Ligand code: GLA
């Protein structure tokens, strides 16, 4: 840990020194009065925009670091008012591309033309105030720079200083303009339940590509992340990439547009679908944060930047500085049949192979014997746990593990005491059928009474039991998103208020119980984004734990999110797809993020338990590099029948390699695996877990490992290996 901290410090210092040398005496955020330009120097990145002759905020540059303000134009000129390079255009004048703000005034007036009013620079933040030319409607644009990673965060507060409510029909967080020109390619993550995180790529063409969720939560189907590169450069480690991620766990939208004159823009914020936020007089609405960055180091570096940013700026402290524990989860072993003796027996086995946390999943509360009943009744089931949870928790503690529990606070089964008492608490439209999914309805968390009730029972649960960890699940999307208890014109505020209230519950719990750790889960990876990650310590990646499927799922996840939060379990076979892959393969796949075990350990033979113990011990040696290091994708599981990843510790002391063979073609050998991110002059000791590394040398130089590479003798079907390098010199 100490070396890691020193290395991080050296890294920051390097950036600082580089920055200081190139731009001696210059503030990282500055306003060039004569040119009316704002210059944001963000580590290796510069971002420039200014005020044009129409008094609009116009984008100028986003890319590699500039150093000479004299190079920038004397004035920004736009051919006509309202054209498509504005930083934050209202819908008005001749804007026909995606607006950042669209408002309807009570008199039917629906144009907003935002002009510059003032700005304030305070350290690493810049706030610019724009105002509609007619009404006292203001937009305060916030920019925050993160020089260590080059990330820029933008959000906007819309302030209604008129005397009447206005209806906001679109409130975006930012519009990002890329260098004008052809040849961009969009990468994004789409998917489905048990098949999240599929990486797609397609050319950007004139028109608009929309990434979005209309499901009330972040969603499995699309994730609010994008990356754009250009000129068909497929090198992982080279080439311009502009990338970003929106932090919103409700309905969101990212529009990627190319205008006929080849201006590419990315606009993102609240989804405009069914959006009508009635903003009362003298009140304001703040959009979700939209984070974005640039690198010339290809997709690999874009991911590493995001990973580091998430660990250092997003994830709650102090968890983000630690390594994640190896956990055991009971779900696949026992489903709803949890009870004291059975859970204790599983805990014994989990502890014996090296697990550090024991998590009891669904089934412990109410009359929860299956998924038809009990959700919403958060008392300990007396038949399953006659003495409460304490005996089990004490047992788990005696085994040296801490204890975690599954909850699904936002949901209710119609067959529950809660629903019988408060049918109006479920989201609904009066008189219409309530669509069930997994036999459950969504509680309307936008209601403050429902929010308060939910906070109170969670608070009691954590206060009365020694719980270190909650797996916070959410197993369905919104349907009938009605809120009949408030006036019709306020009902659509549910889209915003629901998520804000969920955030508030999480924030209050974390403030009251600073040691409590939380996992975000939504039938797998349905709610992972940069704003939920500010409030949780880890994410459940997918319900699909089948190891081969999992390779592409995890690979996709890693484009946007750090392996630190990526929870991966080893489970039993045959699993999804009816496929059975060897236990070693399953372990090595799951070790590429935060390792968990989700199998029925009662079924495991002695040799399985022995292998598990060895694998977990190995993982503990390398997990700091995996979770907190630099990920290099050596061979993608989407492109070939074999794949490999490498993780290098931030301080360079260790590198870990995993490689997987799907199926061998007779007579075809694997190419040498050329490693990345090592020190040319460094000497590395190789630690193997098997005999599959062809080279038998004990010590090899970084230059040899990176230029010549490592031969692997993987053969047959579902073969796998891992080795790690310990840097011994210099
Ligand atoms: C969801 C989760 C699973 C498990 C079940 C319990 O499907 O993704 O991991 O917790 O709910 O009902």
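Please treat every number below as a calculation from the coordinates, not as lab data. Predicted model only: the values in this text are computed from it and were never measured. Neighbour counts are summed over all protein chains in view; Cβ atoms, including those assigned to glycine, are modelled from backbone coordinates with ideal geometry.
Structure notes:
- Extension gain from residue 232 to residue 120, taking 0.36 nm per residue of separation minus the Cα-Cα distance: 36.3 nm
- Rule-of-thumb Rg ratio for the range 172-296 [Cα; 2.2 N^0.38 Å; N residues]: 1.11
- Kirkwood radius, the range 617-730, all distinct C-alpha pairs, inverse of mean reciprocal distance: 14.2 Å.
- Dimensions in Å of the range 370-526 - Rg and Dmax from alpha carbons: 16.5, 56
- FRET efficiency estimate (nearest 0.05) - Cβ-Cβ, residue 282 to residue 421, R0 45 angstrom: 0.75
- Label-reachable residues, the range 53-97, where backbone N falls under 20 Å from a point 7 Å from residue 26's Cα toward its Cβ: 58-77
- Span from the the range 712-730 Cα centroid across to the the range 533-577 one, whole angstrom: 22 Å
- Principal axis analysis of the Cα atoms in the chain yields extents of 76, 69, 45 Å, listed in decreasing size.
- Centre separation in Å (Cα based) which lies between the range 600-646 and the range 227-242: 29 Å
- Estimated FRET transfer efficiency (residue 515, residue 620; beta-carbon r; R0 30 Å; 0.05): 0.90
- Multiplying the residue separation of residue 335 and residue 449 by 0.36 nm and removing their Cα-Cα distance gives an extension gain of 37.9 nm.
- Dimensions of the range 366-408 along the principal axes, based on C-alpha atoms and rounded to the nearest Å, stand at 35, 21, 14, largest first.
- At 1.306 mPa s and 10 °C, Stokes diffusion of the range 238-386 via Kirkwood alpha-carbon radius, µm² per second: 77 µm²/s
- Each peptide in 50-59, 519-528 gets a packing score, the mean of other Cβ atoms within 10 Å over its residues, and the list from highest to lowest is 519-528, 50-59.
- Chain lengthening between residue 77 and residue 691 when straightened (0.36 nm per residue, less Cα-Cα): 214.5 nm
- More than 18 angstrom apart: percent of Cα pairs within the range 391-437: 51 percent
- Where only C-alpha atoms are counted, convex hull volume of the range 108-176 per residue in Å³: 95 Å³
- FRET efficiency estimate (nearest 0.05) - Cβ-Cβ, residue 580 to residue 610, R0 22 angstrom: 0.65
- Between residue 683 and residue 379, the modelled label-to-label distance comes to 6.9 nm, taking each label 7 Å out from Cα in the direction of the beta carbon.
- Inter-label distance, residue 641 to residue 500: 5.6 nm, where each label sits 7 Å from its Cα along the C-beta direction.
- For the range 400-470: rounded, prolate or oblate by the Cα gyration tensor [a/c cutoff 1.5]: prolate
- Rounded D (µm²/s) - the range 625-678, Kirkwood Rh over Cα pairs, Stokes-Einstein at 20 °C, 1.002 mPa s: 179 µm²/s
- Modelled spin-label separation between residue 663 and residue 436, with each label point placed 7 Å from Cα along the Cα-to-Cβ direction: 4.1 nm.
- The calculated 222 nm mean residue ellipticity attributable to helices in the chain amounts to -6500 deg cm²/dmol, summing -39500 (n - 2.57) over DSSP H runs of n ≥ 4 and dividing by all residues.
- When the alpha carbon gyration tensor of the range 442-566 is reduced to an equivalent ellipsoid, its three semi-axes come out at 28, 21, 12 angstrom, largest first.
- For the range 568-683, the average shadow cast by the Cα convex hull is 8.9 nm², which is a quarter of the hull's surface.
- Burial order of peptide ranges 116-129, 84-97, 66-79 (average beta-carbon count within 10 Å, highest first): 84-97, 116-129, 66-79
- Once C-alpha pairs closer than 8 Å and six or more residues apart are averaged by separation and normalised to the residue number of the chain, the relative contact order reads 10 percent.
- With the highest mean first, a sort of the peptides 316-326, 234-244 on other beta-carbon atoms found within 10 angstrom per residue produces 234-244, 316-326.
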